[in-house]
1. Rolling a 1.4 Å sphere over the protein heavy atoms, what is the accessible area per residue of the chain, to the nearest Å²?
2. Under the √(5λ) rule applied to the eigenvalues of the Cα gyration tensor, what semi-axes describe the equivalent ellipsoid of segment 48-129? Give them in Å, descending.
3. Rounding to the nearest 20 debye, state how big the charge dipole of the chain is about its Cα centre with +1 on each Lys and Arg Cβ and -1 on each Asp and Glu Cβ.
4. For Asp57, Asp16, Asp109, what's the largest-to-smallest order of accessible area, 1.4 Å probe?
5. Determine the share of the chain's accessible area contributed by carbon and sulfur atoms, expressed in whole percent, with a 1.4 angstrom probe.
6. Could you tell me the accessible area of Phe33 in Å² (1.4 Å probe, neighbours in place), rounded to the nearest ten?
7. Let me have the relative contact order for segment 1-124, percent, based on Cα pairs under 8 Å that are six or more residues apart.
8. By how many degrees, between 0 and 90 and to the nearest 10, does the Cα long axis of helix 11-23 differ from the longest principal axis of the chain?
Amino acid sequence: MSTQSEPQFTVERTEDFLRAWSSGNVERIMSFFTDEPVMFASAGSEPHGGGACHGYDEVRAAAESFVEHFPTANYEGQRIAVGPDEGFVTWRFEGVTKDGTTVSYDGCDVLLFEGDRIAVKSGYRKINV
């Protein structure tokens, strides 16, 4: 549970988090996470998406994989709400895969915070069929 003396995650920090994913800079992406984060990818064959990543190394590997797969990426935040311990952001993603395929879809992240860092990121997205 957060206290008022701890730094807090903010709307501005959430916008910076989206810009980090758009930048393709893994170090910048990882600077938003706690030392032992959990991340649930928005795509994949499992009910919770592409699988759960537990711990810094697994989350980093997932971020590296994303950046490699999408050398061009842009997240545009649409609606952001944050509280002391949790928040969410809806977004539009537009990117180009390394094989040149252009993709665009809407989604959201549900975030759990520890102070001003993300402890859990659970992503959801619309599927284009």
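1. Values: 7310 Å² over 129 residues.
Accessible area per residue: 57 Å².
2. 23, 17, 11
3. Working: 11 positive and 21 negative charges, 88 e Å.
In debye, rounded to 20, the chain gives about 420.
4. Asp57, Asp16, Asp109
5. The computed percentage sits at 50.
6. It works out to around 0 Å².
7. Values: 247 pairs, mean separation 36.0, N = 124.
This gives 29 percent for segment 1-124.
8. Between the helix axis and the principal axis of the chain, the angle is about 30 degrees.
The values are calculated or read from the model by the stated rules, or taken from the named source; none is laboratory data. All values derive from a computational prediction rather than experimental measurement. Virtual Cβ from ideal backbone geometry, glycine too; neighbours counted across all protein chains shown. Remember, those area values only see protein heavy atoms, side chains included, never the ligands or the DNA or RNA. Shrake-Rupley method; radii C 1.70, N 1.55, O 1.52, S 1.80 Å.
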